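Just so it is clear, none of the values below were taken in a lab; they were calculated from the coordinates. Since the model is a prediction, treat every value here as computed from it, not as a measurement. With ideal geometry, Cβ positions are generated from the backbone for all residues, glycine too; neighbour counts draw on all protein chains shown.
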Amino acid sequence: MELEKYIGCSKAARKLIRSDLVLTNARIVNVFTDRVELGSIAIKNGMIVGVGEGYQGEKELDLQGQYVTSGFINAHLHLESTMVNPQVLISQAARHGTTTFIVDPHEAANVSGRDGIDYILDQTKHSPAHVYVMVASCVPATEVDDNGFRLTAREMASYIKNRRVLGLGEVMDTLAVINGDPEMNAKIQLFDGKIKDGHAPGLSREDLAAYVMAGITTDHESTTYEQAMLERSMGMVCHIREGSAAHDLEAIVKGIVENNTNTEGFCFCTDDRHIEDIMREGDIDNNVRKAVSMGISPIAAIKMATIQPARCYGLRRTGAIAPGYDADLVVWDSLKDFNAQMVFYNGRRIDDMLCIKPAPCPPQLLDTVHLAQIDPQKLVIRPGAEPFPVIRMIPGEIVTERVDRVLPGTEDGGPFVPDETFSKIACFERHHYTGKIGVGAVTGFGIRGGAIASSVSHDSHNIIAIGDNDEDILLAVKELERTRGGYTVVEHGQVFDTLELPIMGLISDRSYNYVSKKVRRMTAKAHKMGVPDNIEPFITLSFMALPVIPEIRCTPRGVFSVKEWRMLT
């Protein structure tokens, strides 16, 4: 802290001068004593300088007994997944009490390399919240991916000294870590002494031990209490995820409550969450609210959203209401409903802080959909009467299961004809005009009379589509080529609607109201076309090409077994 600032804060702490702001008559949640204390909070130069009574401020605000916590921390998220300008997302989530964001820009990096990372840094530079970045570690995610750029340790080195960079983003290529791949090791060594996030779904105890030994300390991919506790037993911090497609909180929290498990090693995150879900349900406040409703004590849940992620990421002035901590505060109606009444960032109400105008978008980020001419014959599947490896979707999860089935229409050597049980899935390489198209079958999606497609397709972000006929699948892909990326719904040979995502094929250049309205309309249409209500169609679709999530995926190279680590078609 600069000496001049410290002297002013010191005088205010000792009540020799007035503070800038004093919040009086507050019920203060103390994460160090696990108590709720009635008192005042004194703020000077954006910092908490005192908690107690007798402070005077240039401005005083009577909270009338409302509860106050430190601002919540989202321990892991991808801003690109909200599909709106990062500045817009931060502003909306901040209104729900999230004042610190730990961002992994690997979606942008996989499309546009360092330009993508720089875009996220530039767009969030003046946000009404603390936005930190974990440098994308796996670009591409694996050697079987076809993405836009390859990011090496040498290219990542320039970010080391950036004060907003906290460490290495989620290390998805677990095999490269475990087998001692030299390039992966170079990335891990580059961030020696900094936090390294993990991505370790379904690793065996032995493989997880080797993974942790490399220095990786967090994971957000646990979908069960047992998985989470295996990671905790090895010292990992478990980020409990509640996103738009992946809903892991209930299973993990249920186990915590039933087993009276110590919650010190747990934090909350959203990972991938749509803007309309944030507007409707909230951000990390949604995680806290759900956890409390399931039996976690309010103070324990608050600590999982504040001081615990702050300690995990070395943010020593964040996460508590105490002298020397940033004045990032949330006033709540209760410790049950967690409806934010007021949010302060650096001692200022965010309602008083205008949403910063987005920084200009570099032109190269608006030209990222590069499809080769498509041969319709590449969509035809003729497996004969032999069972075909089918992707089975699991409601509320992004993991899948492999089921081998004889596909309809193929018994006599004919082509696969989708029906009410089996849909066709296709993934089109869109970065380098290669013409690669992987085609497979999926069950559990149920779409009839058309197709949906997305250029948001983790993590390489090729164009992925599901439908019940080739013509509508091709029309959907051509529509996204026209709009330079996005979501689209096609029904009976006509484009029903499209959300344009021209920035890297990931992000809209329109308002969040526009994006939210479009997504709601298209989601409702997809459900009317047969997608089950318990499946979020677009976000679920976006994970069907990701070859680091068990068990089976469809990539531009074909159907891939994550479990066996080989192409199946």
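Here are the numbers for this structure:
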read-out	value
For q = 0.17, 0.20, 0.22 Å⁻¹, Debye-computed log10 I/I(0) when each Cα of the range 308-406 counts as one equal scatterer	-1.01, -1.14, -1.18
DSSP-defined antiparallel bridges as percent of all bridges, the chain, nearest 5	70 percent
Paramagnetic label zone (point 7 Å from Cα along Cα-to-C-beta, Asp509; backbone N under 14 Å) in the range 448-483	483
Prolate/oblate/rounded call for the range 71-315, Cα gyration tensor, a/c under 1.5 rounded	oblate
Over 25 Å between alpha carbons, listed pairs Lys424/Lys528; Lys357/Lys518; Lys436/Lys518; Lys196/Lys290; Lys525/Lys563; Lys11/Lys303	Lys436/Lys518; Lys196/Lys290; Lys525/Lys563; Lys11/Lys303
Two-decimal log10 I(q)/I(0) for the range 117-231, as the Debye equation yields it once each C-alpha is a single scatterer, q = 0.13, 0.18, 0.19, 0.21 Å⁻¹	-0.53, -0.96, -1.04, -1.20
Cross-link reach list, aspartates and glutamates versus Lys15, counting only Cα pairs under 18 Å and skipping chain neighbours closer than eight places	Glu4, Glu53, Glu58, Glu60
Against the rule of thumb 2.2 N^0.38 Å, how large the Cα Rg of the range 230-299 comes out	1.11
Pair Arg280, Ser158: separation of 7 Å Cα→Cβ label points (nm)	4.1 nm
Cα-Cα pairs of the chain separated by more than 35 Å (percent)	37 percent
Cα-Cα pairs of the range 365-567 separated by more than 26 Å (percent)	26 percent
Pairwise centroid distance, computed over Cα atoms, of the range 124-146 with the range 14-43, Å	36 Å
Fewest-first ranking of Val36, Val177, using other Cβ atoms within 10 Å as the exposure measure	Val36, Val177
Computed [θ] at 222 nm, deg cm²/dmol, the chain (DSSP H ≥ 4; -39,500 (n - 2.57); rounded to nearest 500)	-7500 deg cm²/dmol
Pairwise label distance in nanometres, Ala385 with Lys517, each label 7 Å out on the Cα-Cβ vector	5.6 nm
At most 12 other Cβ within 10 Å, DSSP loop - GluC sites (Glu not before Pro), the range 14-117	Glu53
Amide H partners (placed H, <5 Å) of Phe496, local residues excluded	Val489, Val490, Glu491
Neighbour-count ranking [beta-carbon atoms within 10 angstrom, fewest first] of Thr318, Thr69, Thr498, Thr488	Thr498, Thr318, Thr488, Thr69
Global form of the range 250-388, assessed from the alpha-carbon gyration tensor, a/c cut-off 1.5	oblate
Crossing angle, helix 249-258 versus the chain [Cα axis fit, 0-90 degrees, rounded to tens]	60 degrees
